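Written out below as structure tokens is the structure these notes cover.
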Amino acid sequence: MVDEQFDVVAATGARPPKTKEQLGSERVQNPHDPDATYAAKGTGDQKKEHVGYKVQVAETVNEAVLAPGASSKDDKRFGSDHFNILVDQRQAICPAGQKNSQCSRLEEQASGRVSYRFEWSTEACAKCPLRQPWIKADQTHRTLAVSEHHTVLQQRWREQKTEPFQQRMKHRNAIEGTQSELVRAHGLRRARYRGLAKVKLQNYFISGNAAEKPSPFHQNQFSLFVMQIRVEWIRIEPN
């Protein structure tokens, strides 16, 4: 533990403390719980630091057909996802098939963030059959501002509308609900004991309880029991 926190100067035998950059994340954080480790993510105001353990939750999902519900999206309004935009070519095509007449590069002085504003001619918008739903009455023509990375985002949006992607995303709702239940109802986020072995055992009991408890929200989704170690329904690992 001393070697983790201090350097050794061979000439003098002195042990100056290591700088924060030299300290490894696997070093002992607390002598009362040497298995607990350190982790950090993000930078600046968004940086989050953590001392303890990380848990990885895996779950099997049995799909069920849900009753169709009404969509809350207003299909009469056209957002940027309805446009075909090529930022690198400074070109955008609206839902009516009209190309933009002007493109301006905008850059925020404070953050340096770059965006592009596309505009369509007043003449083209005046006679457009789609004008009323998506151009305000006090506007003479349509404008649209997007980020410099919009082309990549557009590709991802289109991928999200494909059938294979939507099939894969069906599993996300299940695991999000599982995470919430494990944390809120079973105290998964807090280790009651010290040491990796005891923390792991605690979480095995938590997973077993959640797997056997009937819940309409998670119907037929906890199909793995904690004793199926080969698939590890829940696994604890040092950071």
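FYI, it's all coordinate maths here, none of it is from the lab. Keep in mind that what you see is a predicted model, and the values were worked out from it rather than measured. Cβ coordinates were reconstructed from backbone atoms using ideal geometry, including for glycine residues, and neighbour counts include every protein chain displayed.
Summary of values
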read-out: Packing-based exposure ordering (other Cβ within 10 Å, fewest first) of Tyr38, Tyr53; value: Tyr38, Tyr53
read-out: Cα-Cα over 30 Å, subset of Lys47/Lys136; Lys18/Lys41; Lys47/Lys161; Lys54/Lys170; Lys41/Lys198; Lys170/Lys198; value: Lys47/Lys136; Lys47/Lys161; Lys170/Lys198
read-out: Computed magnitude of the charge dipole of the range 80-153 (debye, nearest 20; Cβ of K, R +1, Cβ of D, E -1); value: 220
read-out: For Ile93, Ile135, Ile85, order by how many other beta-carbon atoms lie within 10 Å, fewest first; value: Ile93, Ile135, Ile85
read-out: For Gly112, net neighbour charge (Lys/Arg +1, Asp/Glu -1) across residues whose Cβ lies under 15 Å away; value: -1
read-out: Ascending count of other beta-carbon atoms within 10 Å, so fewest first, for Cys94, Cys103, Cys128; value: Cys103, Cys128, Cys94
